[in-house]
Amino acid sequence: MSQMNKTKSNSVVRLLPVLMVAVVVLLAASARAAAPGITGGTAGTATFDLTAKASFISQPDGAMVYSWGYGCNTAPAGFNPDSSKLPGANCADMQIPGPTLVVTEGQTVTVTLHNNLPAAAGNTSILFPGFQVTTSGGLPGLLTQEAGNGSTVSYTFVASTPGTRAYYSGTQADLQVEMGLYGAVIVLPSTANAPTCPVHNTHAELATETDFRLSSTGAAFHHADSCYDREYLFQFSEMDPKIHRQAEEQAGKTCPVGVTTGCMDVVTEPYHPAYFMINGRSMPDDMDPNYAAQYPHQPYNGNPHMHPGEMVLLRIVGTGRWQHPFHEHGNHVRVLARDGNLLLSASPDPNNAGVNALAGPLLFTTTTTPGLAMDGIFYWTGKGLNWDVLAHNAGNDPGCTPDANGYNTGAGVLTASNYYEWCPDHLKALEKAPAGDVGSGGPVTLPDATILADGAWYGGSPYLGPNAAARSVGVTPIPPSGTVGNDPGSEAGFAFMWHSHNEREITTNNIFPGGMMMMMLVDPRAFVINESN
Ligand SMILES: [Cu+2]
């Protein structure tokens with residue numbers, strides 16, 4: 001399941017059985033994700049030189065949609081993760097979402113914006129809600145200083161607290177945000193008062209695996225309950241192609257003499273979006289790699305992976321006009337912060353000295369709100385499934401010693417392939433041979449795989465693990481996951497659909513499936529997750 005460059009059509013083929021069969025299906029995916037962004041230097045100041053420009057973005061129905069986006073006017077100071085971890089990292093001169101600005105708490109951040117939109121579009125600007133912004137240059141606007149056509153304006157603020165925030169156009173937002181002028185700011189915590197994170201957060205059990213976290217402290221905030229193993233940024237937005245078509249038609253318009261603030265007349269109501277995007281891409285495009293060549297103006301993907309027991313930091317931004325009920329199948333999400341405000345109770349945390357307890361809700365659906373950013377933790381272990389997800393049996397028993405919480409995390413097992421296994425289900429077969437590998441029955445009997453789906457499209461094994469592909473081939477032997485569409489053939493993972501629970505939004509221009517949908521892949525620990533593609 002580590003094949004690097006799957007095609008779009010392959011992603012679709014692999015998704016179909018998931019949609020037909022169940023919420024939890026067993027398939028593997030191609031590209032992986034990280035939370036890539038640009039940096040503005042490592043000293044006390046971070047500077048970014050952005051431009052607002054027009055171009056076209058690609059949608060899975062073949063449409064090339066005229067859009068406006070932020071990009072790099074000159075090369076950024078750096079990338080995080082850097083190009084040694086994320087080969088091909090780049091910052092185009094226009095992209096949707098705009099470049100993710102990765103800064104460190106306490107840095108003074110200056111963003112210079114060049115207005116290279118069509119003259120008919122008039123002025124533009126950027127708002128950085130949640131920060132105390134001072135401006136330099138530009139022209140007075142309704143909400144902030146604006147850059148006139150061909151001109152610049154600068155915004156300066158101190159990255160006051162850690163967390164994820166949105167940025168977006170503060171000029172004629174019903175048009176400009178719709179056209180794509182939005183992005184995210186990620187503020188990493190300073191190293192002062194960094195919490196002590198668990199040993200496995202150092203990826204010590206995964207010697208060959210690269211650490212893709214942006215934060216050098218292993219935590220998202222100055223709080224031990226914000227320690228994490230992986231992080232993903234998802235920005236939700238929608239597009240009404242009628243608005244984009246009007247803007248495209250009027251882009252070449254010559255404004256009357258004396259009119260310097262634009263002369264487009266684009267009707268933005270009634271609003272009927274047809275594209276529902278995560279990070280500027282619709283499913284299945286969001287499952288292709290970061291910086292994939294086929295999306296030169298949509299560099300960021302949405303394809304999370306994790307190992308059982310890991311803490312996954314979700315950075316979620318609502319952009320556009322509508323709320324999107326994002327549902328992370330597999331578990332609820334513990335909200336840490338909103339707009340960079342860590343949600344704390346008034347009481348000391350009994351488990352972490354010196355800080356108050358977290359107060360963020362545990363949410364079934366992390367509904368996005370336009371303009372609002374949130375940080376949350378997703379966690380999955382296999383607890384409660386009532387079978388040994390790693391398919392152990394008496395003849396294949398690596399042992400499972402429960403810690404105080406019931407997991408196999410004790411000393412000496414850090415590098416075991418079943419590190420973090422939920423021990424009460426250890427050796428518990430899901431079903432009898434030949435599907436499982438014990439002769440006696442397990443708690444359930446699955447129907448023949450051929451009943452669930454057609455032929456080789458069947459997802460495969462109900463087990464994680466290096467030898468999972470040898471199991472659950474059913475009464476009518478069908479190649480399990482790992483041997484049809486996935487390499488290597490010896491692996492199997494669990495896929496949880498993460499998607500908008502507004503079913504209209506999991507379509508692309510009225511075709512299902514599409515839109516705001518992705519898969520969280522839970523890979524066995526024996527599988528090396530490479531977030532670089
Ligand atoms: Cu759902």
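Things to note:
- Amide H to amide H, with H built 1.01 Å from N, ASN356 comes under 5 Å of ASP349, counting only residues 5 or more places away or on other chains.
- Using a Förster distance of 25 Å, the FRET efficiency for ASP265-SER151 (Cβ separation, nearest 0.05): 0.65
- Of the residues GLN246, ALA159, ALA173, the one whose Cα sits farthest toward the positive end of the charge dipole of the stretch 119-271, with +1 on the Cβ of Lys and Arg and -1 on the Cβ of Asp and Glu, is ALA159.
- Heavy atoms of ARG245 accessible to a 1.4 Å probe, total area in Å² rounded to 10: 120 Å²
- P(r) tail for the stretch 326-404: Cα pairs beyond 19 Å make up 57% of the total.
- Sites ASP349 and GLN323 - FRET efficiency at Förster radius 35 Å, r taken between beta-carbons, to 0.05: 0.65
- Rounded to whole numbers, the Karplus 3J(HN,Hα) couplings from phi for the stretch 122-129 are x, 6, 8, 7, 10, 9, 10, x Hz, using 6.51 cos²θ - 1.76 cosθ + 1.60 with θ = phi - 60°, and x at Gly and Pro.
- The slack in the chain from SER83 to THR134, taken as 0.36 nm per residue of separation less the alpha-carbon distance, amounts to 15.1 nm.
- Here the relative contact order of the stretch 59-149, from alpha carbon pairs under 8 Å that lie six or more residues apart, stands at 22 percent.
- Under the criterion of Cα pairs below 8 Å and six or more residues apart, the relative contact order for the stretch 390-429 equals 46 percent.
- Taking all pairs of distinct alpha-carbon atoms in the stretch 175-321, Kirkwood radius in angstrom: 18.5 Å
- Here LYS242 is the anchor, and the aspartates and glutamates within straight C-alpha reach of less than 17 Å, apart from those fewer than 8 places off in the same chain, are ASP61, ASP174, GLU178, ASP265, GLU269.
- Equivalent ellipsoid of the stretch 390-429: semi-axes from √(5λ) of the C-alpha gyration tensor, largest first, are 16, 12, 7 Å.
- Most to least accessible of LEU363, LEU142 (protein chains only, probe 1.4 Å): LEU142, LEU363
- The stretch 241-386: C-alpha pair distances exceeding 28 Å, %: 42 percent
- In order through the stretch 269-286: 3J(HN,Hα) via Karplus (6.51 cos²θ - 1.76 cosθ + 1.60), integer Hz, x for Gly, Pro: 9, x, 9, 10, x, 10, 10, 10, 10, 10, 6, x, 10, 9, 4, x, 4, 5
- Pairwise label distance in nanometres, THR191 with THR254, each label 7 Å out on the Cα-Cβ vector: 5.9 nm
- Beta bridge orientation in the stretch 312-414: antiparallel %, DSSP, nearest 5: 95 percent
The values are calculated or read from the model by the stated rules, or taken from the named source; none is laboratory data. The structure displayed is predicted, hence computed values, not measured ones. For neighbour counting, all protein chains shown are included, and Cβ atoms are generated from backbone atoms with ideal geometry for every residue, glycine included. In case anyone asks, the SASA skips ligands and DNA or RNA and just uses the protein heavy atoms, side chains included. Shrake-Rupley method; radii C 1.70, N 1.55, O 1.52, S 1.80 Å.
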